[in-house]
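The structure appears right after this line, and notes come after that.
The values are calculated or read from the model by the stated rules, or taken from the named source; none is laboratory data. These numbers were taken from a predicted model, which means no experiment stands behind them. All Cβ positions, glycine included, derive from the backbone under ideal geometry; neighbour counts span all protein chains shown. To get the accessible areas, we keep the full protein, side chains included, count just its heavy atoms, and leave off ligands, DNA and RNA. Shrake-Rupley method; radii C 1.70, N 1.55, O 1.52, S 1.80 Å.
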Amino acid sequence: MRLVYASVLMGLLAPCSGLSAPLSAAPEGAVRFYNIANRDFDRFSKRPNPKQQQWMREHYARMQTYSPYFDKRVSWYPNAWMYKDSYAIKPEWDIFQTHPEWVLRDEQDQMLYIPWGCRNGRCPQYAADVGNPEFRANWIAQARTRIDRGYRGIWVDDVNLAWRVSDGEGDHVQPVNPRTGRLMTLDEWQSGFATFMEEIRAAFPDIEIAHNSIWYADDFDKPAIVRQIEAADYINLERGATDSGLESGSGRWGFERFLSFVDAVHARGRGVIFMDYGTSERQREYGLAAWFLISSGIDLMSSNQLHWSAPGYFWPGYELDLQQALGPRYQWQGLLRRDFRCGIVLLNQPDQARVQAHLPAVATDIQGQPVELISLGGAEAKILQTECVTPSLR
């Protein structure tokens with residue numbers, strides 16, 4: 001008997017109140033790529049000719065961009081999302097000088113940080129108090145001035161419903177809640193963040209909103225987690241399936257639990273972005289295969305590697321179209337498998353023993369080479385193209 005994993009297709013879901021219209025649904029086997037247009041990408045976006053602009057529109061379903069650099073480029077790439085961090089305050093910003101009370105503090109009244117890039121007792125970004133209504137209103141006002149320049153959406157970074165507050169060494173510190181004078185509880189932190197995200201959703205009902213959040217922050221059905229998910233159109237999963245912390249199974253860090261989180265997001269009518277960090281072609285295929293296992297028709301695939309995603313370097317795997325899924329993922333000979341009208345995806349979870357299996361149909365790999373026998377070690381996958389069939393013939 002096949003062990004079928006939960007997978008909710010977007011076409012079966014009623015639209016949720018207040019949700020903006022995300023990407024229209026496409027076949028689950030058609031890759032939709034989300035490009036990260038950071039500073040390293042500037043050499044491609046600075047002065048592209050019309051043919052290069054057209055290429056980007058055709059290959060990038062959405063693009064993460066940075067204002068003000070990209071403000072004058074939305075005219076030729078209208079599907080840009082603007083980046084903005086949710087609770088960072090940098091010491092060189094004006095609001096740090098005018099509103100130091102917006103920065104969280106410890107019991108010794110020392111300012112606290114977001115634990116990233118910390119060196120010599122300091123981190124680049126202070127941690128704002130997201131429970132402060134004035135900070136939230138200022139954040140939304142700043143975002144509006146930029147979104148009004150023509151951005152399709154906003155990609156909100158550090159939507160951290162797990163604790164992410166530290167001292168200057170990057171070590172976790174529980175902040176004081178300025179509204180109670182006592183140490184802030186995790187529930188207070190999460191509730192404040194959920195309220196903040198709901199206010200952003202209410203302020204921008206007609207744009208696309210993505211949250212870069214932590215999938216393992218808490219139970220998937222905890223009210224604050226649900227509120228945060230429902231305040232977004234997309235949940236970004238940084239590192240995607242190639243996160244080195246994932247292990248096999250359904251435990252706290254389990255690969256199956258990771259996929260179950262995606263199922264929970266889909267069940268609420270939202271999509272996900274697999275922001276893959278893999279550096280080898282083996283990792284790249286594994287990350288994309290995991291995306292195929294969960295694709296609902298609106299999800300996005302991404303990579304932080306320019307040499308796989310930039311114009312002139314685009315990996316052929318990101319142009320695949322296996323067409324419609326013939327069902328959800330399931331267990332097959334010790335592997336996770338999903339069948340498509342024009343292909344098969346097989347994945348071996350991390351830490352698992354090598355599995356060998358003969359294929360049930362004639363197939364070719366991404367490079368077009370024929371494959372009859374597959375051999376997959378832990379954290380390996382194979383994406384196979386087959387002769388297109390109708391569901392009744394699979």
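Pairing each residue of region 253-278 that is of a type in the set (Ser, Thr, Tyr) with any residue that is part of a helix (DSSP H, G or I), provided the two are 6+ apart or on different chains, yields C-beta distances under 6 Å for Tyr277/Thr242. Against the definition (part of a strand (DSSP E or B) and either farther than 27 Å from Met301 by Cα or at pLDDT 95 or above (or both)), how does Asp187 come out, yes or no? Considered against the rule, which asks whether it is part of a strand (DSSP E or B) and either farther than 27 Å from Met301 by Cα or at pLDDT 95 or above (or both), Asp187 comes out as no. Among the residues of region 229-241, those that are open to solvent by less than 10 Å² (accessible area, probe 1.4 Å) and not small (Gly, Ala, Ser) comprise Ile229, Asp233, Tyr234, Ile235, Asn236, Leu237. Looking across Gly327, Gly297, one residue alone is in a loop (DSSP other than H, G, I, E, B), among the small types (Gly, Ala, Ser) and either open to solvent by 10 Å² or more (accessible area, probe 1.4 Å) or in contact with a Phe, Trp or Tyr (Cβ under 6 Å, 6 or more places away or on another chain) (or both). It is Gly327. Once region 166-188 is narrowed to residues that are β-branched (Val, Ile, Thr) and over 19 Å from Lys222 (Cβ atoms), the residue that is surrounded by the most Cβ atoms within 10 Å (Cβ to Cβ) is Val173. Any idea which residue in region 242-259 is nearest to Leu336 (Cα to Cα), counting only those that are open to solvent by 50 Å² or more (accessible area, probe 1.4 Å) and out of contact with any Pro (no Cβ under 8 Å at 6 or more places or on another chain)? Checking each candidate, the answer is Ser250.
Selection over region 260-274 of residues that are aliphatic (A, V, I, L, M) and surrounded by fewer than 22 Cβ atoms within 10 Å (Cβ to Cβ) gives a count of 2.
Using the structure shown, decide if Arg201 is under 30 Å from Tyr77 (Cα atoms) and open to solvent by less than 30 Å² (accessible area, probe 1.4 Å). Yes, satisfied. Would you pick out the residues in region 96-132 that are part of a helix (DSSP H, G or I) and surrounded by 11 or more Cβ atoms within 10 Å (Cβ to Cβ)? Hits for region 96-132 are Phe96, Pro100, Glu101, Trp102. Meeting the requirement of 2 or more residues that are closer than 24 Å to Thr242 by Cβ and among the charged types (D, E, K, R), the strands (runs of 3 or more DSSP E) wholly within region 342-394 are 380-386.
Within the option set Arg62, Arg73, being touching a Lys or Arg at 6+ places or on another chain (Cβ under 8 Å), under 25 Å from Glu238 (Cβ atoms) and either open to solvent by less than 10 Å² (accessible area, probe 1.4 Å) or of a type in the set (D, E, K, R) (or both) holds for one residue only, Arg62.
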